[in-house]
Structures are given as C-alpha cells and as structure tokens.
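Undergrad: Below is a structure I'd like to ask you about.
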Amino acid sequence: MQTVRLGRTNAKVSVAGLGCGGASRLGMAAGADSEQAAGVVRRAIELGVTFIDTARNYGTEEAVGIGIRGRRDEVFLSTKSSAGRGDKMFTAAELTESLEGSLRRLGTDRVDVFHLHGIRPEQYDYCAEVLVPEMRRQQAAGKIGFVGATEQFGGDTSHKMLARALPDDLFDVVMVGFNLLNPSARTKVFPETQKHDIGTLIMFAVRRSLSQPGALQPVVAELIERGEVDAGKIDAGDPLGFLRERADVGSLTEAAYRFCRYEPGADVILTGTGNVEHLEANLAAIQGPPLPPDIIERLRSLFGGVDSVSGN
C-alpha cells in the first residue's frame, strides 16, 4: 500500500482511507450487521489500509471498533461529531459527551483525529470560539490526537466554510470535497492547506454522477445551462465518453480515483463500500498511475471552472 504524510500530524498513513459513511456505511445501509461490516474493516487492514474514518452520525463506530479490535495501534483512527442538532449548537460539555460516546463505541481511549462534522459557513464562528477550545482541552487530556473539521460539501460546493477557516489555522486535518466534476478545491482550499501544512482527506472522489450510468448527463446539462461548462467543448450526450475510449484508463471510477490521487494538496483519498471485492478494486484504482497529461488537461478545460455541484 502506498503511503503519504498527513500534513503536520507527521503521521505516515495509507494513501487510500476506508470511509465508513456515504451511501454504503460498510454495507449497513443495505442490511449488514456490525459483525459483517467489521469484516470489511478487517479486510481493509489486511490490504494495507491504515487510515479509517467513521462518525457518530454514520452508525458504524461500533462496527469499526469490532474490526480494529486487537489491531488498534495499526490504524490512524478518525471520527466526528456534529457541531449541534438542527439550529441548536452543542455546548462544550455536549461535544465532550459526544466524544466520550464515540470512544466507547470504538472501544478505545483515544482517537487520532476528531472532527467537527459538516460545519456550515454560518456555524464557523461559534465552532472557533466555543468548540475548538474544548477539543484542544480534550487533546491535552490525551483523548484526541489532532483536531479536524469537515465541510458540508453537498451544500457548500464552493468551500465557503473552509475559505473562512483555513486562514485561522485552527485545524490540523480537514476533509474536503474534490472530484473531476468539481475541482474547485484546487484553487480555493489546497493553497491554504499546503501553506499551513494541514492534512487533507478527500471525500466525494466518486459519487453517484461518476458511478451510476445515466446520472452524469443531467448534471452536465445543468452545468452547461449555468455557463460553468462550455457546450462547444463537450458531448452532452456522453460527457466522459472519451475516457472509455482510452486503453490506459480502465473505467470511469478508476479515472476518478486516479484524478484525485495525484492532485497536489490531496493526501488521503477516501473510499467506502460494503463489498470486499469492490474495496479491492477501489484500492487498486487509487494506487494506479497518474492519468495521462492530455486527459488531465482535457478535464481541466471542461470542468476547471465548476464549483456548483458535488457529484452526488
């Protein structure tokens, strides 16, 4: 397994991280129980994955805890808590209560990175003033290794929250949405994370528009209508057909992972599944070679100005 330095954490972790949320939630979204989901975690570790990301809201912390039992020191463990419920923000005490619950479900006394999950732009000031200081207190107590934040990419596709947060340099690690349809983190996020040596976790590398036949076409039609994609440059009926024509690109999914893997500023590429064979294919794709320069340039020309879609 290829490895990468995760910013100023100085942790050497697998370039592919196991994401335990998303549409699959380790298969639990399709009815798998905790033990079955834990089998996916175990297989990922066997394949060299050392970065595992879960969250209270995913409902997979218990399964991850089972999967890493006896191997805790082999993995860099990431989990998260929302900053509040609905319009009510958590107090510092409530955030710590959430952390303690995560630790119990994971069966550990520490988490390597603890994130504020899906921070909306209007929540950032409160998080910075109230919740981050509490996270630092728990870090001093040894329950948190590093402090992190994740953006709500589905509703914040242009990275407004991170644009505000990154110059303040409060977080050691951030999770950011980035894919070949919306590469706007290239200019709006990665310059700041590289400047401050903040580790990055890449989510949304492959979502519905890049994995389900027929889902891409309407998204591209919207982008053309908004003027974010030049209709004269793209086949609206088969927007990424040129990738399938290439012998050096195995599939659209593979291309999407390889696109993210070699972007300067992108550290860990997250992938999630409840199927071991699918996991193995995704790990192979993430560790594949860079896309050919002409393909990279064509994707930049087509989608380099997009910041309004997530790929879901």
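The values are calculated or read from the model by the stated rules, or taken from the named source; none is laboratory data. Note that this is a predicted model, so its numbers are computed, not measured. Positions of Cβ are generated from backbone atoms using ideal geometry, with glycine treated the same way; all protein chains shown enter the neighbour counts. Note: areas computed on protein heavy atoms with side chains; ligands, DNA, RNA excluded. Shrake-Rupley method; radii C 1.70, N 1.55, O 1.52, S 1.80 Å.
Undergrad: Could you work out how far helix 293-303 tilts from the main Cα principal axis of the chain, as a 0 to 90 degree angle to the nearest 10?
TA: Between helix and principal axis, roughly 80 degrees.
Undergrad: On to the next question. Using alpha-carbon positions, what is the distance between the centroids of the stretch 67-97 and the stretch 253-312, in Å?
TA: With the stretch 67-97 and the stretch 253-312 each reduced to a Cα centre, they are spaced 27 Å.
Undergrad: Principal axes first, then extents: for the Cα atoms of the chain, list largest minus smallest coordinate on each axis, whole Å, largest first.
TA: 57, 40, 34
Undergrad: Probe 1.4 Å, all protein chains in place: accessible area of Asp168 in Å², nearest 10?
TA: Asp168 has an accessible surface of roughly 90 Å² with all protein chains in place.
Undergrad: In the stretch 115-194, with Lys and Arg counted as +1 and Asp and Glu as -1 at Cβ, which of these residues, Gly142, Thr157, Leu180, has the Cα nearest the positive end of the dipole, that is, farthest along it?
TA: Leu180
Undergrad: Still on this model: Need one value: the accessible area of Glu245 in square angstrom, 1.4 angstrom probe, rounded to the nearest 10.
TA: 150 Å²
Undergrad: Using alpha carbons only, how many angstrom separate the centre of the stretch 1-36 from the centre of the stretch 151-196?
TA: 20 Å
Undergrad: Computed from the mean reciprocal separation of all distinct C-alpha pairs, what Kirkwood hydrodynamic radius does the stretch 155-312 have, in Å?
TA: 16.1 Å
Undergrad: Right, another one. Between the helical axis of 276-286 and the dominant principal axis of the chain, each derived from Cα atoms, what acute angle in degrees is found, rounded to the nearest 10?
TA: 70 degrees
Undergrad: Along the Cα-to-Cβ line of Asp33, 7 Å from the Cα, sits a label point; which residues in the stretch 57-84 have backbone N less than 14 Å from it?
TA: Residues 63 qualify, since their backbone N sits under 14 Å from the label point.
Undergrad: Would you check the accessible area of Phe146, probe 1.4 Å, heavy atoms only, in square angstrom rounded to 10?
TA: 50 Å²
Undergrad: Between Arg8 and Ala92, what FRET efficiency comes out of the Förster formula 1/(1 + (r/R0)^6) with R0 = 30 Å and r the beta carbon distance, rounded to 0.05?
TA: 0.75
Undergrad: In deg cm²/dmol, rounded to 500, what helix-only [θ] at 222 nm does the chain give when every DSSP H run of at least 4 residues adds -39500 (n - 2.57) and the total is split over its residues?
TA: Theoretical 222 nm ellipticity from helices: -10000 deg cm²/dmol.
Undergrad: Given a cut-off of 22 Å, name the pairs among Lys12/Lys143; Lys143/Lys195; Lys80/Lys143; Lys143/Lys188 whose C-alpha atoms lie farther apart than that in the structure shown. Provide the component values of the computation, followed by the final result.
TA: Working: Lys12/Lys143 20 Å; Lys143/Lys195 27 Å; Lys80/Lys143 13 Å; Lys143/Lys188 32 Å.
Too far apart for the 22 Å limit: Lys143/Lys195; Lys143/Lys188.
Undergrad: What is the helix-to-structure angle for 34-46, meaning the angle in degrees between its Cα long axis and the longest Cα principal axis of the chain, kept from 0 to 90 and rounded to the nearest 10?
TA: With both axes taken from Cα atoms, the answer is about 70 degrees.
Undergrad: For Asp248 and Arg300, what does the FRET efficiency come to when R0 = 25 Å and r is the distance between their Cβ atoms, rounded to the nearest 0.05? List each step's numbers first, then the result.
TA: Numbers: r = 18 Å, r/R0 = 0.72.
After rounding to 0.05, the efficiency reads 0.90.
Undergrad: Taking a spot 7 Å from the Cα of Val130 along the direction of its beta carbon, which residues of the stretch 53-77 have an amide N less than 12 Å from it?
TA: No residues fall inside that zone.
Undergrad: To continue, here is another question. Hey, quick one: spin label on Asp307, modelled 7 Å out along Cα-Cβ, who in the stretch 214-241 has an amide N within reach, i.e. under 18 Å?
TA: Flagged as within label range: 223-224, 226-230.
Undergrad: With a 1.4 Å probe and all protein chains kept in place, how do Glu61, Glu228, Glu277 rank by accessible area, largest first?
TA: On the way: Glu61 5, Glu228 40, Glu277 125 Å².
Descending order: Glu277, Glu228, Glu61.
Undergrad: For the stretch 9-99, which trypsin sites (Lys or Arg not before Pro) pass both filters: DSSP loop (anything but H, G, I, E, B) and at most 11 other C-beta atoms within 10 Å?
TA: Those that pass, being in a loop and sparsely packed, number zero.
Undergrad: Can you say what percent of the DSSP beta bridges in the stretch 23-134, counting only those with both residues inside, are antiparallel? Round to 5.
TA: 20 percent
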